[in-house]
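Below: one structure, written as structure tokens.
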Amino acid sequence: MPSERDYQLHPIVQDSVIHNSKALSNLHSLAASLFGVSAGILGLESYSGFLFYLALSTITTLLFYALQVAPESLAERRSIFDTGRYFHGAMDFWTSGILGGLSGFILTWTLFYGLVRA
């Protein structure tokens with residue numbers, strides 16, 4: 001738990017946290033649709049399609065973290081995976097995109113699977 005001194009040195013602006021969460025959510029929604037197109041064209045079925053989505057979503061989150069969050073000075077951070085200053089919490093950052101984009105993935109996956117196999 002951050003102390004009062006930590007908040008004075010590094011204030012957390014709620015508008016920025018909300019903006020960052022929206023940007024990550026939009027990225028995951030767009031990427032999930034593209035992953036669904038890829039899975040449908042490749043003809044993936046059942047668990048292999050869901051594992052494909054899970055792996056690519058995790059890679060997308062890691063790339064977003066590496067390009068946007070990690071370049072900050074590591075001397076100021078408590079942990080290498082500390083995302084509390086930019087998002088609502090670490091769990092929100094690492095898992096929200098996977099569940100949020102799942103419906104778009106399934107929709108485009110089944111559409112393109114049907115178009116390619118028909």
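If you go through the range 49-68 and keep only what is at pLDDT below 85 and over 14 Å from Asn26 (Cα atoms), you end up with Tyr65, Ala66, Leu67, Gln68. In this structure, does Leu24 turn out to be modelled with pLDDT under 90, surrounded by 15 or more Cβ atoms within 10 Å (Cβ to Cβ) and closer than 17 Å to Phe105 by Cβ? Here the answer is yes, as Leu24 does meet what is asked. The set of residues from the range 6-46 being touching a Phe, Trp or Tyr at 6+ places or on another chain (Cβ under 8 Å) and hydroxyl-bearing (Ser, Thr, Tyr) comprises Ser16, Ser21, Ser33, Ser38. When the range 69-118 is filtered for residues that are modelled with pLDDT of 80 or more, hydrophobic (A, V, I, L, M, F, W, C) and either buried (at least 16 other Cβ atoms within 10 Å of the Cβ) or farther than 22 Å from Thr58 by Cα (or both), the ones remaining, listed by number, are Ile98, Leu102, Phe105, Ile106, Trp109, Leu111, Phe112, Leu115, Val116. From the list Ser33, Ser46, the lone residue that is open to solvent by 50 Å² or more (accessible area, probe 1.4 Å), at pLDDT 85 or above and not β-branched (Val, Ile, Thr) is Ser46.
The values are calculated or read from the model by the stated rules, or taken from the named source; none is laboratory data. Because the structure is a prediction, the values reported are computed rather than measured. Positions of Cβ are backbone-derived with ideal geometry, glycine not excepted, and every protein chain shown enters the neighbour counts. For accessibility, only protein heavy atoms count, side chains too; no ligands or nucleic acids. Shrake-Rupley method; radii C 1.70, N 1.55, O 1.52, S 1.80 Å.
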